[in-house]
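Quick notes on the structure that follows.
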């Protein structure tokens, strides 16, 4: 502690002997750290958005199907509604929400056009707990019960069919007997989502879908969210044990692109951290080496006066720690300021549909994660100090006689 | 009167590639407590080499060097640093103050290295600055002091830890006549009042005339060692 009291003021004042160099280094470190932290926030938000876009539309964290359904999503691959051990797990606290669906390929026809869709029979109250689409019904209304006679279509599909709320459309499917079945539904609501979702999905009450397809009480899938994502593996094991004959998969395998996007962003942050750190380290080491070379005579003097080489090393290392510390504080502050500049999230409207291609929503919710900020700042600070140990070590190896003999 | 410095057969050989230069050739020397001695000789005679060895800044190639009875040739780098801190005060030709510290902090720095409590070291540093007639200039940085004032701070710093000996290498070389005279008087007064032992390598005749002992070194050996009871005033 005494040594710190001796060296700290010395190190701090030495920093400001060449203010321009110090300021430049602080800027380099702070901009580097800012970019790491802001990219981390941005990519985390993007990753979260991508995940939410996937999981909050139609895909749950876990999906249960009859074997073969994912390859051939028809009524041929149907399953009974949950019962017994499976129903017990689905209604346990380990499951946040679940819904049974009928989901089959179909044709929708208006008086102007015929288009392919995925007909989805839902139980509205269950669906609201799993998907954001019911809440995104902007015109008309969403389905009210499982027996609702109406149909809810995506905005783009409505436009392409040249239909509107109050008009009727005909839905055609292949039923369980392999025959073509059709039924007219009144358009009761229009939802907004990504272009692909708007074009693909049409929602009707599950009872209507079951009677149209001849499924009776059978369903196509069960979709669920776990109460806690960390307990997902344990939940998966329990589900597989309860329904060994069914195909049970997590969103990671069902939506591999969304999962890849989310994990890629995490890895990208780490990669960016190393790239930025390498650039910063070059600047830091260069600055400190210059500072050491300019002050060789002074380090000789300190040793001549009786300062042990270890203390000389500590003094130079402290200078680096302070220098990098200033940059880290400035960089972290700048990153917090930047994130706070977007209190309502970052609107990616300017990217138009481009953002959808990588699965992101329109608005990224930027959030400062204090733990992550602290971790990355500490890593940059510690690595910077370690990089600057080399110049410090050189300073401590100065021979007093040789150093004092320098002009 | 005890012996502060005792050199026996001290030699120093520098190697520069295939070439070797003998800076000191079996030199014997004793400095007694309270000596006020000058060390003179032509350039390259070995004055600075001898001071460096006595100060523990360099090691002899042969021979033994004892400071206050301790053979310093056997000490490692850390022990030598401790020796310089506790037993030896340095005054250099180029002042060599720490530029980012004020006058009083420069003096205090040594005491801080020694682990003296804050109040005690500040009092001692202030006292030493008063002793060298720099009272009131405590908070000036070296760049705000004249050459003579900087050298006085260096003397105050050298004496702050109450060392066994002060080694001065050409202390007046960078000073004008008046300032040099003042510095010599100051060191002489400190020697007489506090009994501090001084050994000064110098070409300056005014310094030589004011010392009570004059050692001449030629070709790495002591050529003459003259003690004077009454130096020129």
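Restricting to the range B:176-199, name every residue that is under 20 Å from residue B:45 (Cβ atoms) and touching a helix residue (DSSP H, G or I) at 6+ places or on another chain (Cβ under 6 Å). Across the range B:176-199, the qualifying residue is only B:198. When the residues of the range A:77-110 are filtered to those that are in a loop (DSSP other than H, G, I, E, B) and touching a strand residue (DSSP E or B) at 6+ places or on another chain (Cβ under 9 Å), the one that is nearest to residue A:242 (Cα to Cα) is A:82. Being assigned to a helix (DSSP H, G or I), within 14 Å of chain A (Cβ to nearest Cβ) and under 20 Å from the mean Cα position of the chain (by Cα) is a condition met by at least one residue of the range B:113-123.
In the set (1) modelled with pLDDT under 90; (2) in contact with a helix residue (DSSP H, G or I) (Cβ under 7 Å, 6 or more places away or on another chain), residue A:349 fails one condition alone, (2). Residue count for the range A:124-142 under the criterion of being surrounded by 18 or more Cβ atoms within 10 Å (Cβ to Cβ) and out of contact with any strand residue (DSSP E or B) (no Cβ under 6 Å at 6 or more places or on another chain): the result is 3.
Yes or no, residue by residue, for (1) at pLDDT 95 or above; (2) in a helix (DSSP H, G or I); (3) buried (at least 17 other Cβ atoms within 10 Å of the Cβ); (4) away from chain A (no Cβ under 14 Å):
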{"site": "B:45", "(1), (2), (3), (4)": "no, no, yes, yes"}
{"site": "B:51", "(1), (2), (3), (4)": "no, yes, yes, no"}
{"site": "B:59", "(1), (2), (3), (4)": "no, no, no, no"}
{"site": "B:84", "(1), (2), (3), (4)": "no, yes, yes, no"}
{"site": "B:149", "(1), (2), (3), (4)": "no, yes, yes, yes"}
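So is residue A:331 surrounded by 19 or more Cβ atoms within 10 Å (Cβ to Cβ), part of a helix (DSSP H, G or I) and at pLDDT 90 or above or not? Considered against the rule, which asks whether it is surrounded by 19 or more Cβ atoms within 10 Å (Cβ to Cβ), part of a helix (DSSP H, G or I) and at pLDDT 90 or above, residue A:331 comes out as yes.
Taking the range A:111-123 as the region of interest, how many residues are surrounded by fewer than 16 Cβ atoms within 10 Å (Cβ to Cβ) and either part of a strand (DSSP E or B) or touching a strand residue (DSSP E or B) at 6+ places or on another chain (Cβ under 6 Å) (or both)? Total meeting the criteria: 2.
When A:37, A:10, A:43 are screened for being out of contact with any strand residue (DSSP E or B) (no Cβ under 6 Å at 6 or more places or on another chain) and either closer than 30 Å to residue B:141 by Cα or within 14 Å of chain B (Cβ to nearest Cβ) (or both), only A:10 passes. Taking the range B:89-101 as the search range and keeping residues that are crowded, with 20+ Cβ neighbours inside 10 Å and more than 8 Å from chain A (Cβ to nearest Cβ), which one is nearest to residue A:7 (Cα to Cα)? Taking the candidates together, the pick is B:97.
Report whether or not residue B:190 is over 23 Å from residue B:68 (Cβ atoms) and crowded, with 18+ Cβ neighbours inside 10 Å.
In short, no.
Just to be sure, is residue B:185 surrounded by fewer than 21 Cβ atoms within 10 Å (Cβ to Cβ) and either over 22 Å from residue B:124 (Cβ atoms) or within 14 Å of chain A (Cβ to nearest Cβ) (or both)? In short, yes. The condition of being touching a strand residue (DSSP E or B) at 6+ places or on another chain (Cβ under 7 Å), closer than 25 Å to residue A:398 by Cα and either more than 14 Å from chain A (Cβ to nearest Cβ) or at pLDDT below 90 (or both) holds for only one of B:28, B:35, B:71, that being B:71.
Of the residues making up the range A:19-29, just one is in contact with a helix residue (DSSP H, G or I) (Cβ under 7 Å, 6 or more places away or on another chain) and within 14 Å of another protein chain (Cβ to nearest Cβ), namely A:22. Which of (1) in contact (Cβ under 8 Å) with a residue 60 or more places away in the chain; (2) buried (at least 20 other Cβ atoms within 10 Å of the Cβ); (3) out of contact with any helix residue (DSSP H, G or I) (no Cβ under 8 Å at 6 or more places or on another chain) does residue A:194 not meet, given it meets every other one? Every listed condition holds for residue A:194 apart from (3).
Residue selection: residue A:346 fails the criterion of being more than 15 Å from residue A:394 (Cα to Cα) and within 14 Å of another protein chain (Cβ to nearest Cβ). As a summary of the residue check, residue B:165 satisfies the conditions (1) crowded, with 19+ Cβ neighbours inside 10 Å; (2) within 13 Å of chain A (Cβ to nearest Cβ); (3) within 23 Å of residue A:308 (Cβ to Cβ) except for the one numbered (2). Among the residues of this structure, residue B:80 does not count as one that is free of Cβ contacts under 8 Å to residues at least 40 places away in the same chain and assigned to a loop (DSSP other than H, G, I, E, B). Selection over the range A:300-314 of residues that are within 11 Å of chain B (Cβ to nearest Cβ) and assigned to a helix (DSSP H, G or I) gives a count of 9. On inspection, residue A:45 does not qualify as more than 33 Å from the chain's Cα centre (by Cα), in the same structural domain as residue A:315 (by TED's automatic domain parsing), crowded, with 18+ Cβ neighbours inside 10 Å and more than 26 Å from residue A:235 (Cα to Cα). Within the set A:188, A:206, the sole residue that is closer than 24 Å to residue A:72 by Cβ and touching a strand residue (DSSP E or B) at 6+ places or on another chain (Cβ under 6 Å) turns out to be A:206. Scanning the range A:281-295 for residues that are away from chain B (no Cβ under 13 Å), within 29 Å of residue B:155 (Cα to Cα) and crowded, with 17+ Cβ neighbours inside 10 Å yields one hit, A:292.
Counting the residues of the range A:315-340 that are more than 14 Å from chain B (Cβ to nearest Cβ) and in contact with a helix residue (DSSP H, G or I) (Cβ under 7 Å, 6 or more places away or on another chain) gives 16. On inspection, residue B:135 fails the criterion of being under 16 Å from residue B:5 (Cβ atoms) and either out of contact with any strand residue (DSSP E or B) (no Cβ under 9 Å at 6 or more places or on another chain) or touching a residue at least 12 places away in the same chain (Cβ under 8 Å) (or both).
The values are calculated or read from the model by the stated rules, or taken from the named source; none is laboratory data. Given the structure is predicted, the values throughout are model-derived calculations rather than measurements. With ideal geometry, Cβ positions are generated from the backbone for all residues, glycine too; neighbour counts draw on all protein chains shown.
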